[in-house]
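S.K.: Okay, here's the structure, questions in a sec.
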Amino acid sequence: MHLTRSMTCMRSPMIGALVLAAWVGASTAKADTVAITVTGLGSGFNYTQGTYLLGFEFQVSSSAITITQLGFYDSNANGAAETFEDSAVGVYDITTHTLLASTTVTASDPLTGFFRYAALSNPITLNTTDTYAIAGISGDNYYTADVPLSATTVQVNAAINYVNPAYCSCNISGFGESSSLVEPGYFPAGSGLYGDFGPNFQFAAANSAPTIGGVSNAANAQLGVAAGTFASIYGTNFAPAGFSDTWSNAIVGGQLPTNLDGVTVDIGGTPAYVVAVTPEQINVLAPNLGTGSMQVKVTTASGASAAFAVTAEALQPAFFLWPGNAAVATHVDYSYAVKNGSLQTPTVPAKPGEVIILWGTGFGPTTPAAPSGQVVSGGPYVVDGVAVTVGGTEAQMYGVALSPGMAGLYQVAIQVPASLADGDFPVIATISGQQSPAWVILTVQQ
């Protein structure tokens, strides 16, 4: 019997729990530093008149930096239409006359101080030899103007050298209104003031090249990889210290990202889908793979790792884990089926004879075949031939299917054997001769 559609509609609280279980509990906080901090206007003022190109020229002080987010000034810090409009922002290398990166900052982007910041999908690394400029289009926004260099309300980060403001100019000859993002052509020298600025950026210290120390199943640390399975890559220099991010804001139109914050992962010559990035761990959803020995490579803005050899298997069934090696399980109403006290919220363990849902990865191809690299919709996409035992007793199987609204996440519906007494029992899934680890437990309590 297959899972019914009603059983494959996962609710948002379960999604949050699986995020914690599957990818290191990564938060979205970033250890970035702000190039210019504005805590008030001092003796400067807010100004707007037409649509101008604004910005400033700068150099990197002593060691390379990686720009991760571009920002624009929000004078009222509330995204109000009368003081903030969506603004294009770009970074130029004015030594080589190259646009390195650009994005549009919107009123919905997060606020830090008086600036809203949009993350770059491909962060850029700046060296200490070239001169750079950041430029933004004001629209009818308010922006700061004529703030004294000595003002304590405006501070330049020591990692960069602020050179001169880039006024509202499109060419070397002087001032002019602009509605296009172009390399600024005019920098007034020695004015003693911060020029008009709306754009800003956030950055982190550039890393050394990444290194890989190990690759395993993300659910329970089995070595190796399998197609369509969550995997964890362990190592160093994957991201700046304190940095973490997940693909939650990078899935567009159901398409999973192969690049997250400038980090890519190649498995056997095929890009993997990047789930989460931290300095010492990357979680991915493996793409379609064959079997046998394969090479894994991580590439960041700082370079590429040496290839790391892994063994790819056809299947790698595994259940995600609560604390204490407990299988992630829910009752049919999607409340957590785990021993009370295991989590920060009251929970009820599974009962003998109860139908529960176990959550896992690595159960292999479905019928019909699920699209690779896409969030699953419609279906159900089911897997036949799975058996589950609890405490050595075979459980009645109600079906295995991919969870709609997710990717690579399987729901395994079973009936807990009615003969079981209260206790903690090994829960093991078997498919095509492959077994999930025997140390994963399910708590049963009448």
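S.K.: Given the condition assigned to a strand (DSSP E or B), under 26 Å from the mean Cα position of the chain (by Cα) and surrounded by 15 or more Cβ atoms within 10 Å (Cβ to Cβ), answer yes or no: does some residue in the stretch 365-384 qualify?
M.R.: Within the stretch 365-384, not a single residue is assigned to a strand (DSSP E or B), under 26 Å from the mean Cα position of the chain (by Cα) and surrounded by 15 or more Cβ atoms within 10 Å (Cβ to Cβ).
S.K.: Given the criteria surrounded by 14 or more Cβ atoms within 10 Å (Cβ to Cβ), of a type in the set (Asp, Glu), touching a residue at least 12 places away in the same chain (Cβ under 8 Å) and not in a strand (DSSP E or B), does Glu57 qualify? Steps first, please.
M.R.: Values: surrounded by 14 or more Cβ atoms within 10 Å (Cβ to Cβ): yes; of a type in the set (Asp, Glu): yes; touching a residue at least 12 places away in the same chain (Cβ under 8 Å): yes; not in a strand (DSSP E or B): no.
Taking the combined requirement at face value, the residue does not satisfy it.
S.K.: Separate question: Quickly run through the stretch 403-432 and pick out the residues that are within 32 Å of the chain's Cα centre (by Cα) and within 10 Å of Val390 (Cβ to Cβ).
M.R.: Val427, Ile428
S.K.: Additional query: Across the stretch 69-95, what is the number of residues that are modelled with pLDDT of 90 or more, of a type in the set (S, T, N, Q) and over 15 Å from Asn161 (Cβ atoms)?
M.R.: The number of residues fulfilling the criteria is 2.
S.K.: Another question about this same structure. Residue by residue through the stretch 379-399, note down the ones that are of a type outside the set (A, V, I, L, M, F, W, C) and either farther than 18 Å from Gly228 by Cα or touching a Pro at 6+ places or on another chain (Cβ under 7 Å) (or both). It would help to see each step written out before you state the result.
M.R.: We begin by selecting, within the stretch 379-399, every residue of a type outside the set (A, V, I, L, M, F, W, C); these are 379-381, 384-385, 389, 391-394, 396, 398-399.
Listed by number, the residues that qualify are Gly379, Tyr381, Thr389, Gly391, Gly392, Thr393, Glu394, Gln396, Tyr398, Gly399.
S.K.: Is it true that Thr270 is under 22 Å from Thr125 (Cα atoms), among the β-branched types (Val, Ile, Thr), surrounded by 15 or more Cβ atoms within 10 Å (Cβ to Cβ) and at pLDDT 95 or above?
M.R.: Considered against the rule, which asks whether it is under 22 Å from Thr125 (Cα atoms), among the β-branched types (Val, Ile, Thr), surrounded by 15 or more Cβ atoms within 10 Å (Cβ to Cβ) and at pLDDT 95 or above, Thr270 comes out as no.
S.K.: Right, here's the next one. Does Gly42 fit the bill of being more than 30 Å from Ala206 (Cβ to Cβ) and either of a type in the set (Gly, Ala, Ser) or at pLDDT 80 or above (or both)?
M.R.: Considered against the rule, which asks whether it is more than 30 Å from Ala206 (Cβ to Cβ) and either of a type in the set (Gly, Ala, Ser) or at pLDDT 80 or above (or both), Gly42 comes out as yes.
S.K.: Name every residue in the stretch 97-120 that is outside any strand (DSSP E or B), in contact with a Lys or Arg (Cβ under 8 Å, 6 or more places away or on another chain) and within 16 Å of Gly136 (Cα to Cα), in order of residue number.
M.R.: Hits for the stretch 97-120 are Thr106, Ala107, Asp109.
S.K.: Residue by residue through the stretch 240-268, note down the ones that are small (Gly, Ala, Ser) and outside any helix (DSSP H, G or I).
M.R.: Ala241, Gly242, Ser244, Ala250, Gly253, Gly254, Gly262, Gly268
S.K.: Determine, yes or no, whether Gly242 is out of contact with any strand residue (DSSP E or B) (no Cβ under 6 Å at 6 or more places or on another chain), not assigned by TED's automatic domain parsing to the domain that holds Ser138 and not β-branched (Val, Ile, Thr). Spell out the reasoning first.
M.R.: Details: out of contact with any strand residue (DSSP E or B) (no Cβ under 6 Å at 6 or more places or on another chain): yes; not assigned by TED's automatic domain parsing to the domain that holds Ser138: yes; not β-branched (Val, Ile, Thr): yes.
So Gly242 passes the test.
The values are calculated or read from the model by the stated rules, or taken from the named source; none is laboratory data. Just so it is clear, the structure is predicted and the values come from calculations on it, not from any experiment. Cβ: placed from backbone, ideal geometry, glycine included. Neighbour counts: every protein chain shown.
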